[in-house]
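To keep things clear, I will list the structure first and then write my remarks on it.
The values are calculated or read from the model by the stated rules, or taken from the named source; none is laboratory data. These numbers come from a predicted model, not from an experiment. Reconstructed Cβ throughout: ideal geometry from the backbone, glycine too, with neighbour counts over all protein chains shown. Surface areas here come from the heavy atoms of the whole protein model, side chains and all, with no ligands, DNA or RNA. Shrake-Rupley method; radii C 1.70, N 1.55, O 1.52, S 1.80 Å.
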Amino acid sequence: MFKYTVASDAATQQVGAAVGRLVQPGSVIFLQGDLGAGKTTFTKGLASALGIQQYVKSPTFTLIREYTAGRIPLYHMDVYRLENGGGDELGLEEYFNGDGVSVVEWPQFIEDEWPAEYLQITINKSATNDEQRELVFQPQGQRYEALVTQLAQTL
């Protein structure tokens, strides 16, 4: 586990970009955090590092937004609306095992669909500073342990 504190949205995007420089095709990132914690802000930074020029916005109402005009495709998912089940019908395994990077907001609602290896990032709001966030990186599997080690050395 690795923890990193940021003081602004811009810094959250910079951390996202640092992760974006390290991901490979087939990477799966789970983003946890309260509403407004910065999950989509983090994803914007990751997308920029992938060379995605499109505006990245939360896929809350579409569930999955695909951005394919970068060095690696980005599949940005918000599965909050699946809190009562239904993830098995989305074909998530194809995304998780595909050629892109899957970023999933609210992954706890599709826990039955999780791959064996992934990177979970929990974004915690500060109780005393509206701008400050603590990002907690929890790698699951060797590939993600190596990614977090590299990330810790670059931040």
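If I go through segment 101-114 residue by residue, how many of them are over 18 Å from Ser58 (Cβ atoms) and modelled with pLDDT of 95 or more? Write out each step before concluding.
First, the residues of segment 101-114 that are over 18 Å from Ser58 (Cβ atoms): 111-114.
Next, from what is left, pick out any that are modelled with pLDDT of 95 or more: none.
The qualifying residues number 0.
What number of residues within segment 131-143 are within 14 Å of Ala7 (Cβ to Cβ), open to solvent by 20 Å² or more (accessible area, probe 1.4 Å) and part of a strand (DSSP E or B)? Break it down into steps so the answer makes sense when it comes.
Quick first cut of segment 131-143, residues within 14 Å of Ala7 (Cβ to Cβ) only: 131-135.
With the extra rule that they be open to solvent by 20 Å² or more (accessible area, probe 1.4 Å), the set shrinks to 131-134.
Still in the list and also part of a strand (DSSP E or B): 133-134.
Looking only at that region, the number is 2.
Please tell me if Gly86 is at pLDDT below 90, among the small types (Gly, Ala, Ser) and open to solvent by 10 Å² or more (accessible area, probe 1.4 Å).
Working: at pLDDT below 90: yes; among the small types (Gly, Ala, Ser): yes; open to solvent by 10 Å² or more (accessible area, probe 1.4 Å): yes.
When the stated conditions are applied, Gly86 passes them.
Please determine, by comparing only the residues of segment 11-61 that are open to solvent by 30 Å² or more (accessible area, probe 1.4 Å) and of a type in the set (A, V, I, L, M), which one is nearest to the chain's Cα centre (by Cα).
Among those that are open to solvent by 30 Å² or more (accessible area, probe 1.4 Å) and of a type in the set (A, V, I, L, M), it is Leu22.
Identify all residues within segment 115-148 that are in contact with a helix residue (DSSP H, G or I) (Cβ under 7 Å, 6 or more places away or on another chain) and aromatic (Phe, Trp, Tyr); write none if there are none.
Tyr118, Phe137, listed by residue number.
Could you identify the single residue in Thr122, Thr128, Thr149 that is out of contact with any Pro (no Cβ under 7 Å at 6 or more places or on another chain) and assigned to a strand (DSSP E or B)?
On the way: Thr128 fails: assigned to a strand (DSSP E or B); Thr149 fails: assigned to a strand (DSSP E or B).
Unique residue meeting the criteria: Thr122.
Yes or no, residue by residue, for (1) assigned to a strand (DSSP E or B); (2) among the aromatic types (Phe, Trp, Tyr); (3) out of contact with any Cys (no Cβ under 6 Å at 6 or more places or on another chain); (4) more than 23 Å from Gln140 (Cα to Cα):
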position: Ala18; (1), (2), (3), (4): no, no, yes, no
position: Gln24; (1), (2), (3), (4): no, no, yes, no
position: Leu31; (1), (2), (3), (4): yes, no, yes, no
position: Gly36; (1), (2), (3), (4): no, no, yes, yes
position: Phe42; (1), (2), (3), (4): no, yes, yes, no
position: Ile52; (1), (2), (3), (4): no, no, yes, yes
position: Val56; (1), (2), (3), (4): no, no, yes, yes
